[in-house]
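Encoded as structure tokens, the structure appears first; notes follow it.
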2 protein chains.
Amino acid sequence: MPTIKYYLREGLLPAGVLTSPNQAHYDDEHVRRLRLVRALVDVGGLSIASVREVLAAIDTRDESLHSKLGAVQEAISQPSSVELDPLAIEDVQGFFERQGETECVDVTESNVTHMLAAALSVARSIGHDHFRDLLDPYLEGLKIIAQADVDYIARRGSRDDVIEAMVVGTLIGDTVLKAVRRLAHAQVSRDVIGDAPLPPPS
Amino acid sequence: MPTIKYYLREGLLPAGVLTSPNQAHYDDEHVRRLRLVRALVDVGGLSIASVREVLAAIDTRDESLHSKLGAVQEAISQPSSVELDPLAIEDVQGFFERQGETECVDVTESNVTHMLAAALSVARSIGHDHFRDLLDPYLEGLKIIAQADVDYIARRGSRDDVIEAMVVGTLIGDTVLKAVRRLAHAQVSRDVIGDAPLPPPS
DNA sequence: GGATAGTAGAGAGTGCCGCTATCCATTCAG
DNA sequence: CTGAATGGATAGCGGCACTCTCTACTATCC
């Protein structure tokens, strides 16, 4: 309960309607918003500041659905402080070109491409120069997944539901994907490798 | 540089060989380990304590490759404090049954299944009761991705490289997947939705 | 009417985590 | 011999997500 007061102070929850100077009324919309905040923090792992940004992106009106998705994506993808490897940037640009993107891409323009370049930079820094080879198969699998995501969002009716489903579907979806990916690894490991011993030490 | 001393103290890096009482020698293996630690922290978002667990799992010998993967997975999937919704647990069990798992699954047994159940619990708590419908398409896409992951690991030669590739491929792969998924969303959004306005407010 | 309990609002305090700064003894270079 | 540098250990710091406390007020029960 003190946490709620804290969230109110931080502007994550709208103030209730004061029925008297010491009595505020909160309706279902407040509860829904609180649950959303908790979901972003618990499952999405977002900081309070990021949650504020996400909520701001959600609450901003007068945008097309496409630009709304962009705003939400920026808000839920906070950039890391990793410095980018030029080779990793090339990896990302090559990936875009293979996808038919002809114009030059500035990876620092969006948090999402920055995240991708940062991950590949770190991979390179520990000797995994060919991690970029995974991008194409990843995209292939993700086409199926993204299609399911879009279908999931599309069956929402109201504007608020669509936007919320974007946020929830992306963030909770990330966690679900993580978990199912590990399960898939375990299954492949069981089927292919079984109890075979490890290769001998170097 | 003070950070390295800190990591040494925390047992994340092995002590160097003392050539004299105030001179320690660190070789390439130390540098490699340091880079790995930074990767786990920066990209994987792991806490120092989790990193210690991961390193312990890596360094433990005398295990089969399959059980090693299990140990690594447990270490990199720290459980959240979300309380599980019984319905979400059923969702997970149903998913396993559809995958041909006949025996009853205890989701609290592994951090991975716990993560999945927790994510579905949070989804339910904010009214997304049918998020579980995404599990099957997710798995379908992830089969392609997991296959690429396994191929990536399989081309490593030495035992240490295989284990490191497990950790790196899983954690950096998570981040890469996240980024590429957002890109796929944006692409679908551009193609399907374009600049169509949002549906009218509720 | 008076005691009790509860609430809003705001500021200060707390606990944890990931470093960072300081100190000292030693030791090696010049 | 002097000065810079290193290893090892201890203490301190800054940020973040709360949590506690205090005050002023009110609503309710007796």
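Here are the numbers for the structure shown:
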quantity	calculated
Long-range HN-HN contacts of B:LEU13 with modeled amide H, under 5 Å	B:LEU8
Zero-based 10 Å bins, Cα pair distances in region A:1-70, whole percents	18, 47, 28, 7, 0
Cβ neighbours within 10 Å from other chains - mean over B:127-133	4
Angle in degrees between helix B:65-76 and the longest Cα principal axis of chain B, rounded to the nearest 10	80 degrees
Where rotation carries B onto A, the chain B residue whose Cβ is nearest that axis, in whole Å	B:GLY141, 2
Position A:GLU10, label points 7 Å along Cα→Cβ, spacing to each other copy in nm (shortest first, one decimal)	2.3
Listed peptides A:155-164, A:112-121 by packing density, highest first (mean Cβ within 10 Å)	A:112-121, A:155-164
Accessible area of chain A belonging to carbon and sulfur atoms, whole % at 1.4 Å probe	52 percent
In Å, descending, principal axis extents of the Cα set of the protein assembly as shown	74, 53, 45
Rounded accessible area per residue of region A:84-202, 1.4 Å, Å²	42 Å²
The protein assembly as shown: calculated mean residue ellipticity at 222 nm from DSSP helix runs of at least 4, using -39500 (n - 2.57)	-20500 deg cm²/dmol
Surrounding net charge for A:PRO137, when Lys and Arg each add one and Asp and Glu each subtract one, Cβ distance under 12 Å	-2
Shape call, region B:123-173: gyration tensor on alpha carbons, a/c limit 1.5	prolate
Where only C-alpha atoms are counted, convex hull volume of region B:8-121 per residue in Å³	134 Å³
Estimated FRET transfer efficiency (B:ILE4, B:LYS143; beta-carbon r; R0 51 Å; 0.05)	0.80
Shape box of region A:147-192 [Cα atoms, principal axes, largest first, Å]	46, 16, 9
Sequence ranges B:130-141, B:8-19, ranked by mean other-Cβ count within 10 angstrom, highest first	B:130-141, B:8-19
Shortest-first nm distances, B:ASP59 label point to equivalent points in other copies (7 Å, Cα→Cβ)	4.9
Evaluated at q = 0.08, 0.11, 0.13, 0.15 Å⁻¹: base-10 log I(q)/I(0), Debye formula over Cα of chain A	-0.39, -0.69, -0.91, -1.12
Interchain or long-range residues, amide H under 5 Å from B:ALA24's placed H	B:THR19
Shortest-first nm distances, A:HIS25 label point to equivalent points in other copies (7 Å, Cα→Cβ)	7.9
Whole-Hz couplings from phi, Karplus 6.51/-1.76/1.60, listed for region A:98-114; x for Gly and Pro	4, 7, x, 7, 8, 5, 5, 9, 9, 5, 7, 6, 10, 4, 5, 5, 5
Listed residue pairs exceeding 25 Å between alpha carbons, taken from A:LYS178/B:LYS5; A:LYS68/A:LYS143; B:LYS5/B:LYS178; A:LYS68/B:LYS178; A:LYS143/B:LYS68; B:LYS68/B:LYS143	A:LYS178/B:LYS5; B:LYS5/B:LYS178; A:LYS143/B:LYS68
Average beta-carbon neighbours from other chains, 10 Å sphere, peptide A:105-115	2
Peptide A:90-97 - average C-beta neighbours from other chains (10 Å radius)	1
Interface area, A with B, accessible, probe 1.4 Å, both sides summed, Å² nearest 100	8000 Å²
Separation between Cα centres of region A:48-66 and region A:92-125, rounded to whole Å	24 Å
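The values are calculated or read from the model by the stated rules, or taken from the named source; none is laboratory data. This one's a predicted model, so the numbers in the text were calculated from it and none came from an experiment. Positions of Cβ are backbone-derived with ideal geometry, glycine not excepted, and every protein chain shown enters the neighbour counts. Just the protein is used for accessible areas: all its heavy atoms, side chains included, with ligands, DNA and RNA removed. Shrake-Rupley method; radii C 1.70, N 1.55, O 1.52, S 1.80 Å.
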